[in-house]
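J.: Structure below; questions to follow.
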Amino acid sequence: MSDHYYTSLPLSSEKLFKIENVLIRGDFYSFYTAPGVFSSKKIDKGTLLLAEYMAVPKGHLLDLGCGIGVLGIVAAKSSPKTQVILTDVNVRATWLTRKNVELNGVKQNVRVRTGNLYEPVKKEKFDAIVSNPPVSAGLKVIEELVEGSKTVLTKGGKLQLVVRKGVKAIMKSMEKTFGNVEIVKKKGGYNILKNVNKDA
């Protein structure tokens, strides 16, 4: 039986595979990947969509559940003044993310941490959170992700998620937590959802 990508310690092979020359936001990127992480053989279409259309602030951005680091690395390279933290519960994912930070030359404004949801950043504040959340882990996990975001977002900070399944339920959770939610972009069955933290 294969590992879930939201497992903290995958047991599958660590054999590396390289995805090369992916064009995102006008730049080319390459990424190391391996079994036991999300979308291990190619970059997920939802991740690519959010990478293209996410709003990247000049301040601090959190890539939550970063996988191999696509969103945070693209944010860091496209906006060098942005300070980016990438987190994942999966130790293999954060190991690969560190390799991909080096590979794409964004070490100067990036930090990578391992831990569940907001545990690695609970004393920090962010102007944006981006995530392709683990919908297959269940709605309860997504609700925890949404509700917890309010504790680490600045006033005016934005939570940006890309989802394909459970869109109505996730939007309901975002509306309940923030009092607002909008669909920023739809493409290929994927939806980019965004809301704004209006509280301090």
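The values are calculated or read from the model by the stated rules, or taken from the named source; none is laboratory data. Remember, it's a predicted structure, so these values are computed and weren't measured experimentally. Backbone-built Cβ (ideal geometry, glycine too); neighbour counts: all protein chains shown.
J.: Can you pull out the residues in the stretch 148-200 that are of a type in the set (D, E, K, R), under 21 Å from VAL121 (Cα atoms) and within 18 Å of the chain's Cα centre (by Cα)? Show your work before the answer.
T.: Residues of the stretch 148-200 of a type in the set (D, E, K, R): 150, 155, 158, 164-165, 168, 172, 175-176, 182, 185-187, 194, 198-199.
Cutting the leftovers down to under 21 Å from VAL121 (Cα atoms) gives us 150, 155, 158, 194, 198-199.
Once the filter is applied, which keeps residues that are of a type in the set (D, E, K, R), under 21 Å from VAL121 (Cα atoms) and within 18 Å of the chain's Cα centre (by Cα), the stretch 148-200 yields LYS150, LYS158, LYS194.
J.: If you take the residues in the stretch 129-144 that are of a type in the set (A, V, I, L, M) and part of a helix (DSSP H, G or I), which one is surrounded by the fewest Cβ atoms within 10 Å (Cβ to Cβ)? Even if it seems obvious, please write down each step before you answer.
T.: Step one: list which residues in the stretch 129-144 are of a type in the set (A, V, I, L, M), which gives 129-130, 135, 137, 139, 141-142.
The next check asks that each one be part of a helix (DSSP H, G or I); those that pass are 135, 137, 139, 141-142.
Working: VAL135: 18, ALA137: 16, LEU139: 14, VAL141: 17, ILE142: 21.
It comes out as LEU139.
J.: Next question, about the same structure. Starting from the stretch 8-21, keep only residues that are more than 25 Å from GLY115 (Cα to Cα) and at pLDDT 90 or above, then list their pairs with residues that are of a type outside the set (D, E, K, R) and in a loop (DSSP other than H, G, I, E, B) whose Cβ atoms are within a distance under 9 Å, requiring at least 6 positions of separation or different chains.
T.: Note: pairs meeting the criteria are ILE19/ILE43; ILE19/ILE68.
Residues are listed down the side, and each one gets a yes or a no for (1) part of a helix (DSSP H, G or I); (2) over 17 Å from THR47 (Cα atoms); (3) without any contact (Cβ under 8 Å) to a residue 24 or more places away in the chain:
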position: ALA93; (1), (2), (3): yes, no, no
position: ARG111; (1), (2), (3): no, yes, no
position: VAL146; (1), (2), (3): yes, yes, no
position: THR151; (1), (2), (3): yes, yes, no
position: GLY156; (1), (2), (3): no, yes, no
position: LEU159; (1), (2), (3): no, no, no
position: SER173; (1), (2), (3): yes, yes, no
position: ASN180; (1), (2), (3): no, yes, yes
position: ILE183; (1), (2), (3): no, no, yes
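J.: Which count do you get for residues in the stretch 57-84 that are within 26 Å of GLY189 (Cβ to Cβ) and buried (at least 24 other Cβ atoms within 10 Å of the Cβ)?
T.: Restricting attention to the stretch 57-84, the residues satisfying the condition of being within 26 Å of GLY189 (Cβ to Cβ) are 61-75, 78.
Narrowing further to those that are buried (at least 24 other Cβ atoms within 10 Å of the Cβ): 61-75.
Residues that pass the stated criteria total 15.
J.: Do you know which residues across the stretch 128-156 are small (Gly, Ala, Ser) and in contact with a Pro (Cβ under 8 Å, 6 or more places away or on another chain)?
T.: Just the residues of the stretch 128-156 that are small (Gly, Ala, Ser), to begin with: 128, 131, 136-138, 148-149, 156.
Answer for the stretch 128-156, where residues must be small (Gly, Ala, Ser) and in contact with a Pro (Cβ under 8 Å, 6 or more places away or on another chain): just ALA128.
J.: Out of (1) over 14 Å from VAL152 (Cβ atoms); (2) hydrophobic (A, V, I, L, M, F, W, C); (3) touching a strand residue (DSSP E or B) at 6+ places or on another chain (Cβ under 6 Å), what's the single condition that is false for ALA128?
T.: (1)
Here's the yes/no breakdown for (1) farther than 16 Å from ILE192 by Cβ; (2) outside any loop (DSSP other than H, G, I, E, B):
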| site | (1), (2) |
| --- | --- |
| LEU23 | yes, yes |
| SER30 | yes, yes |
| GLY36 | yes, no |
| LYS42 | yes, no |
| GLU52 | no, yes |
| LYS58 | yes, no |
| LEU71 | no, yes |
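J.: Just checking, how many residues over the stretch 113-128 are of a type in the set (Gly, Ala, Ser) and part of a strand (DSSP E or B)? Write out each step before concluding.
T.: Keep residues of the stretch 113-128 that are of a type in the set (Gly, Ala, Ser), which gives 115, 128.
With part of a strand (DSSP E or B) added as a condition, the list becomes 128.
The total comes to 1.
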